[in-house]
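Peer 1: One structure coming up, written as structure tokens, with questions to follow.
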Amino acid sequence: MRVLLINTSEKVGGASIACHRLMDALNHNGIKASMLVRDKQTDCPDVVQLRRRWTLPLIFVWERLMIFLNNGFKYGKVFQADIANVGTDITSYPEFKEADVIHLHWVNQGFLSLSNLKSILHSGKKIVITLHDQWYFTGICHYSADCSRYEHQCTHCELLGPCGMDLAKSVFNTKRTIYQNAPITFVGCSRWMADLARRSALTVGHVVTNIPNAIDTALFCPRDKAALRRAQGWDEDVRVILFGAQRITDERKGFRYLVEACNIIHECNAELAKRLLVIIMGGDGRTAAEVLPFNTWIPDYVSDMNRMADIYNLADIYVTPSLQDNLPNTIVEAMACGVPCVGFNVGGIPEMIDHRTNGYVAAYKDATDLAYGIMWTLDSTRYATLCSNARSKAVDTYSEASVAKKYKEVYDNDSNSHL
């Protein structure tokens, strides 16, 4: 069996990292897999890059311009939607022709158009789509927040202004047409995402199931925390909170709730507060650090996964105050390193963090409960057990062998009814 995984980027963003890890998991477990990407960042021989054309930057800009013109110039919204009006036909690539299974991941920002998707879906190949966000089963948005129009008919998207055509309705109807008579297996990375997908009018008649992202539990594993901290020159009694996001200023990542929780801890737990340090990973980290009441450490951009595992092992807990998320790679990585996690009761997060077993699930948007969860998790009387449970959960649920086995069952399944 030959599987071709398709993603816009090889290594930039959560979806690309998850896709690359799945490729490794499949190859390590007897399934020949390769990736086809627009943007390649490594020299991995199993990753094939789209043949470069001078029009690629223009393709991306043209799609953004079309969204922008129909967006009513709402600041900050233009990158929250994709209309897939331009892209590249990949069906002529030898890698596509040789594959038994075409496995689509995140293909936006000018990589594949709706027309390209139609050619892929009607190619006669086995089609699997992993849902890293909601775009495949909504009109144009990646996360619908409180909107449920996609369950029946996307129209008048809240991300767009009143000017121009109804892009959400147009794209939704086009997806409905190209999905028809093209059996697809949709795979949510979380049960939450799969449940949302099942509600969409676009998935009717298709398989919808869920399989988590894979991780190399031999690379992401507990290490000598004390030695790593000595190398940083940190005091032995420091307690370390880790927070990370591709863009910390992204409101969906909920950084302001971490700031509020830290202020609460600073006010009510002076003993803990004087020992706390916050690691901030991601874009705009230095600006974010200025609003925290504790010392901070902001590592330079990390692309090496071995170094990333060291940073997780520097931390006592990982905090993810995200307001809507699927199955964050960061939680999987932290837990594999034996680091308990704290997050809100939203999206796929409570599927990952078992409340008071390997971390703490705080009430949604409740900074006070988030602060309590951080303090509760750092309590030395139960901390070692939380660490052990976090590692066990990662090995049992997210290991390469476990995830590869589940995907092989999907690839081998010829039925077209809900699993």
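Peer 1: With the requirement that a residue be open to solvent by 10 Å² or more (accessible area, probe 1.4 Å) and either touching a residue at least 60 places away in the same chain (Cβ under 8 Å) or of a type in the set (S, T, N, Q) (or both), what does region 93-112 give you?
Peer 2: 95, 98, 100, 106, 109
Peer 1: Where residues in region 317-327 are open to solvent by less than 10 Å² (accessible area, probe 1.4 Å) and among the hydrophobic types (A, V, I, L, M, F, W, C), which of them is farthest from residue 272 (Cα to Cα)?
Peer 2: Restricting to residues being open to solvent by less than 10 Å² (accessible area, probe 1.4 Å) and among the hydrophobic types (A, V, I, L, M, F, W, C), the top hit is 319.
Peer 1: A follow-up question, please. Restricting attention to region 343-388, which residues are assigned to a helix (DSSP H, G or I), open to solvent by 30 Å² or more (accessible area, probe 1.4 Å) and without any contact (Cβ under 8 Å) to a residue 40 or more places away in the chain?
Peer 2: Scanning region 343-388 gives 350, 369, 372, 384, 385.
Peer 1: Can you pull out every residue in region 179-206 that is among the polar types (S, T, N, Q) and surrounded by fewer than 20 Cβ atoms within 10 Å (Cβ to Cβ)? Break it down into steps so the answer makes sense when it comes.
Peer 2: Within region 179-206, the subset among the polar types (S, T, N, Q) is 180-181, 185, 190, 200, 203.
Once the filter is applied, which keeps residues that are among the polar types (S, T, N, Q) and surrounded by fewer than 20 Cβ atoms within 10 Å (Cβ to Cβ), region 179-206 yields 180, 181.
Peer 1: Those residues that are within 22 Å of residue 409 (Cβ to Cβ) and either in a strand (DSSP E or B) or over 24 Å from the mean Cα position of the chain (by Cα) (or both), I need them from region 122-132; list them, please. Walk me through how you get there before you give the answer.
Peer 2: Start the filter on region 122-132 by keeping residues that are within 22 Å of residue 409 (Cβ to Cβ), which leaves 124-132.
Within region 122-132, 124, 125, 126, 127, 128, 129, 130, 131 meet the criteria.
Peer 1: Okay, next question. If a residue has to be modelled with pLDDT of 95 or more, open to solvent by less than 70 Å² (accessible area, probe 1.4 Å) and either outside any helix (DSSP H, G or I) or acidic (Asp, Glu) (or both) to count, how many in region 389-419 make the cut?
Peer 2: The total comes to 2.
Peer 1: Output the helices (runs of 4 or more DSSP H) that fall wholly within region 227-328 and possess 1 or more residues being more than 29 Å from residue 212 (Cα to Cα), or say none. Talk me through it step by step, then tell me what you get.
Peer 2: Details: elements: 255-268, 270-273, 285-289, 305-314.
It comes to 255-268, 270-273, 285-289.
Peer 1: Can you run down the residue pairs with Cβ atoms below 8 Å, 6 or more apart or on separate chains, where the first is in region 305-317 and within 20 Å of residue 41 (Cα to Cα) and the partner is modelled with pLDDT under 95?
Peer 2: 308/302
Peer 1: Which of the residues spanning region 133-162 are touching a residue at least 40 places away in the same chain (Cβ under 8 Å), open to solvent by 30 Å² or more (accessible area, probe 1.4 Å) and in a helix (DSSP H, G or I)?
Peer 2: 151
Peer 1: Show the residue pairs meeting these rules: Cβ distance below 7 Å; 6+ apart or different chains; first residue within region 239-255 and more than 18 Å from residue 225 (Cβ to Cβ) and open to solvent by 40 Å² or more (accessible area, probe 1.4 Å); second residue at pLDDT 90 or above and not polar (S, T, N, Q).
Peer 2: Within 7 Å, the pairs are 252/143; 252/323.
Peer 1: Let me ask something else. Just give me the residues in region 296-316 being polar (S, T, N, Q) and surrounded by 14 or more Cβ atoms within 10 Å (Cβ to Cβ), in sequence order. Let's see the steps before the verdict.
Peer 2: At the first step, the residues of region 296-316 found to be polar (S, T, N, Q) are 296, 303, 306, 313.
Scanning region 296-316 gives 296, 313.
The values are calculated or read from the model by the stated rules, or taken from the named source; none is laboratory data. The structure presented is a predicted model; accordingly, all values stated were derived computationally and were not measured. With ideal geometry, Cβ positions are generated from the backbone for all residues, glycine too; neighbour counts draw on all protein chains shown. Calculation scope for accessible area: heavy atoms of the full protein, side chains included, ligands and nucleic acids excluded. Shrake-Rupley method; radii C 1.70, N 1.55, O 1.52, S 1.80 Å.
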